[in-house]
Structure formats: structure tokens, C-alpha cells
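Following: one structure in C-alpha cells, then a few remarks.
We did not get these values from a lab; they are worked out from the coordinates using the rules stated. Only a predicted model underlies this, so the values are computations on that prediction, with no experimental measurement involved. Here the Cβ positions follow ideal geometry from the backbone for every residue, glycine too, while neighbour counts run over all protein chains shown.
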Amino acid sequence: LSARFEDAVKGLKGQDKISDTNVEVALKDVRRALLEADVSLPVVKDFVADVREKAVGAEVVRGVSPDQKFIQVVHEQLVEVMGGDNAPLAKAAEAPTVVLMAGLQGAGKTTATAKLGLHLKDQGRRALMVGADVYRPAAIEQLKTLGGQIGVEVFSLGTEAKPEEIAAAGLAKAKEEGFDTLLVDTAGRLQIDTEMMEEMVRIRTAVQPDEVLLVVDSMIGQEAAELTRAFHDQVGITGAVLTKLDGDSRGGAALSIRKVSGQPIKFIGTGEKVEALQPFHPERMASRILGMGDVLTLVEKAQKEVELADVEKMQKKLQEATFDFSDFVQQMRLIKRMGSLGGLMKMIPGMNKLDDGILKQGEQQLKRIEAMIGSMTPKERENPDLLAGQPSRRRRIAAGSGHQPADVDKVLADFQKMRGFMQQMSRGGMPGMGGMPGM
Ligand code: GDP
Ligand code: MG
């Protein structure tokens with residue numbers, strides 16, 4: 001999806017606003033990209049229509065190009081469709097909270113049950129896990145093994161009892177022994193069938209769950225929509241767990257699940273180990289689906305932090321070539337307010353593979369430069385040219401800031417390049433950082 005999405009916004013580069021005409025090409029590519037990320041067709045159609053409405057005529061803030069703005073609109077819409085914030089696990093007013101796990105065979109229900117057991121344990125809560133998959137003796141054993149690993153008790157009646165009886169007995173035990181949560185693992189089938197649905201309904205009736213979590217393998221892609229519809233219509237779900245996101249699925253299923261059921265994804269599974277469970281964050285998933293460096297965080301920060309007045313003042317100075325060391329310090333503060341240099345640069349697509357060591361060096365270098373500027377007189381700060389051809393001044397600055405005169409010379413030379421960098425920056429482009437002193 002990543003490559004496609006970058007294609008999608010190419011047409012918007014260099015335009016000065018998002019219009020009816022230039023947005024259509026981008027939207028077509030978004031549509032194709034989402035289909036490739038396994039979002040189901042009806043969901044994609046609605047999504048594209050919503051983005052079109054929001055993107056056309058969207059106000060483009062100075063310093064943000066239309067293509068960046070478009071990405072932001074798409075991202076915001078993804079986040080909105082996926083529910084905005086993380087939705088936590090339900091908690092019943094009166095213990096125990098009953099959680100019923102549903103889903104196809106192999107989706108990761110048993111694993112997710114144990115993961116949740118551990119998650120609750122980590123929060124100081126006490127869960128009882130119930131093995132109600134009576135069709136495969138190995139399934140109950142699997143849960144018991146996992147329970148042993150994480151130190152969470154498992155209850156079952158073996159394979160002779162009915163699933164709903166096991167669940168009901170588990171609930172009675174939980175109430176009696178003061179467990180605060182009951183996690184009921186159930187049997188799936190290889191595909192949606194009435195037997196499974198009827199069984200789920202019987203278990204639901206027996207334990208009256210506070211939460212019915214549909215466990216969905218993210219690799220099933222497009223089918224997530226149908227699966228969700230079937231479970232939601234016939235059993236009624238209150239949330240979902242999206243598993244196997246450690247694989248290379250883009251996570252498009254997340255969009256379908258939410259759109260079809262209106263229920264939030266609450267957790268994601270990111271590995272076979274019991275620790276590999278994370279709360280679901282729509283924000284992060286949207287970035288994953290878009291598959292880009294986090295451009296939009298950059299855009300948002302730019303919007304929040306760069307005061308228009310500052311930018312305009314700076315631009316004027318640049319045009320008049322009066323950009324001096326004081327401006328430089330101010331510019332550095334701006335960069336600092338926007339987050340560390342490393343964090344900032346990693347948000348730029350294609351730059352996320354940047355070596356941390358190099359970034360650290362860059363930040364240290366900025367600190368050293370700031371120290372040197374601190375050792376300058378106000379006059380020198382205002383007029384960088386004063387320092388040219390004046391070794392005594394440069395020696396004084398070096399001594400004052402704890403550096404060698406050669407270091408100061410180097411910084412002065414780089415400062416000239418820096419002006420070039422700032423000029424590019426003020427034109428709205430993101431130049432290579434090569435022009436930064438010391439980079
Ligand atoms: P169930 O039939 O729905 O109970 O599925 P299981 O919990 O038995 O899981 C089926 C297979 O998927 C097992 O081999 C699990 O180890 C694996 N699995 C479950 N969740 C994840 C996950 O998040 N990532 C990966 N890589 N494997 C998972
Ligand atoms: Mg199982």
C-alpha cells in the first residue's frame with residue numbers, strides 16, 4: 001500500500017490547493033490502495049466518499065502542502081472509522097465481568113484468552129479462564145498449558161459436557177471464589193456455520209456476557225467483513241481482537257470490522273507468545289494501513305507549533321538576507337519544540353531508516369553550536385560577518401564555549417549553508433538536512 005499511497009499524493013504535489021479535479025486521481029489511488037490492504041468494497045466506497053467531502057476545499061495551512069494535507073485527511077478519516085480512541089475491556093458493575101471469546105477455528109481465540117488472562121493479571125486482577133472447546137481434547141490442554149505458564153487458573157469439565165454447561169459452571173465457580181473476570185474460550189469452526197452460531201447463542205444465554213469479543217485473524221483480509229456481519233447479526237459482538245498483526249497483513253480488516261459492526265477493536269495480537277497483546281490504537285493502525293512514515297504527526301506539529309507570525313518574520317529576514325545568529329537560536333528552539341531532531345526526521349517518509357547514532361550526533365552538534373552562540377557578543381550575533389577574518393573573536397568564542405577555534409571556524413562556514421537550508425524550509429519544502437551545520 002505504501003508505494004501506492006505515495007503515488008496517490010504525487011498529483012497533489014506542487015498544487016496550491018486541493019480541488020475537485022486534482023483530488024480525483026488521488027482518491028482513485030486511495031480506493032485501490034485500500035482494496036489492496038484488504039478492506040472490503042462497500043467499506044472502501046463509503047470511505048472514499050467521506051474523504052472526498054472532507055478534502056476538497058480543506059484549508060491548507062502555510063508550511064503544509066496539499067499532498068500532506070490530503071494524507072492528513074485520509075488518516076483522520078481512517079482513525080474516525082476505526083473508532084477514534086482505544087476502547088478498554090468492559091468491566092461489570094458487579095464482579096465477575098464475563099468475557100466470551102468467539103471466532104473461527106485457528107483465529108487465535110485460545111491464545112487471546114490466555115493473553116487477556118495475563119493482561120488482567122498484570123493489572124492486579126484475577127481471571128478465571130474456562131475451556132469450552134469440547135470438540136478437540138487438545139484445545140482444553142492448550143489452554144491449561146498456557147494457564148500454567150502465566151499462573152492463571154483454568155476451569156473445564158472435559159469433553160463430555162456441553163459447552164454452555166461448562167461456561168455456566170465456570171461462572172458459578174468464579175462467583176463463589178471471587179474471581180473478578182471470567183474468560184470463556186469457545187470452539188470455532190473452519191467456516192461460518194449454524195451449528196457454531198447456535199452454540200455461541202446457547203453459551204451467551206447461559207452466562208450473559210458483558211463482553212463478546214470476536215477474534216479475527218488479520219490475514220483473512222476481505223472476508224473479515226462477512227465474518228463480522230455473521231457473528232454480529234447472530235450472536236452480537238461488543239468488540240474484537242485482531243490477531244497475527246506481526247505478519248505482513250496491512251490490517252485492513254480493522255476497518256471492515258468496525259464499519260460493519262459499529263463495535264471497536266479492543267486488542268491486537270502481535271505474536272504467538274502470551275505477552276504479545278496490545279491495546280488497539282486507531283491512530284497507530286491508520287498509520288500502518290497508510291504504510292508511511294508518520295507525515296501527519298509532522299503536519300499536526302507544524303500546525304500547532306509554528307506560529308504564522310514567526311514564519312512570516314523569518315521569511316522577511318531571509319529575503320532581506322538579515323538572518324543572523326539570534327534567528328538561528330530561535331529557529332533551533334522551534335525545532336526543539338517540535339520534538340527531538342531524531343523524532344522529527346523519522347516522521348519524514350523514507351527517512352525512518354535513519355541511523356540513530358547519526359541523529360544523536362546531530363543533536364549534540366546543535367547543542368555545541370548553541371553554546372558557541374551563547375559566547376558571542378550581541379553585536380556578533382546580529383552580524384555574522386563580523387567574525388569573518390577576525391581570529392581573535394573566533395578564539396574568544398571557542399574558549400568561552402569550551403571548543404577549539406577550528407570548531408568555531410567550521411560552524412561559521414556551515415552557518416552560511418544553514419541560511420540556504422532555512423531559505424528552502426521557508427519555501428515550504430523539506431530540504432535534505434545536509435545543509436545543517438555538522439550534519
Ligand atoms: P483458536 O483455534 O482460535 O483457539 O486459535 P489458537 O489460539 O489455537 O491459535 C491458532 C494458531 O495461531 C496458533 O498456532 C497460535 O500460536 C497462532 N497465533 C495466535 N495469535 C497469534 C498472533 O497474534 N500472532 C501469531 N504469529 N500467531 C498467533
Ligand atoms: Mg482454541
- In terms of the alpha carbon gyration tensor, root eigenvalues a ≥ b ≥ c, rounded if a/c is under 1.5 and otherwise prolate when a/b exceeds b/c or oblate, the stretch 62-104 is prolate
- Built amide H within the under 5 Å cut-off of residue 240, gap 5+: 214, 265, 266, 267
- Once amide hydrogens are built 1.01 Å from N within the peptide plane, the residues lying 5 or more places from residue 271 or on another chain with amide H under 5 Å from its amide H are 244, 245, 246
- Determine, for each peptide in 66-72, 249-255, 48-54, 152-158, the mean count of other beta carbons within 10 angstrom over its residues, then list the peptides with the highest first. 249-255, 66-72, 152-158, 48-54
- the stretch 189-232 versus the stretch 74-131: alpha-carbon centroid distance in Å: 14
- Task: Just list whichever of 69/259; 173/244; 109/273 have alpha carbons separated by over 21 Å in the model shown.
- Result: 69/259; 173/244
- Query: Taking amide hydrogens as modeled 1.01 Å from N in the peptide plane, which residues meet the under 5 Å criterion relative to residue 153, leaving out close sequence neighbours?
  - Reply: 129
- Would you work out if the stretch 135-209 is rounded, prolate or oblate? Take a ≥ b ≥ c from the square roots of the eigenvalues of the alpha-carbon gyration tensor; rounded if a/c is under 1.5, else prolate when a/b is larger than b/c, oblate otherwise. oblate
- Can you give the net charge of the other residues whose Cβ lies under 10 Å from the Cβ of residue 225, counting K and R as +1 and D and E as -1? -1
- Going residue by residue through the stretch 169-178, the Karplus relation 6.51 cos²θ - 1.76 cosθ + 1.60 with θ = phi - 60° gives ³J(HN,Hα) values, rounded to whole Hz and with x marking Gly or Pro, of 5, x, 5, 4, 5, 4, 5, 5, 9, x
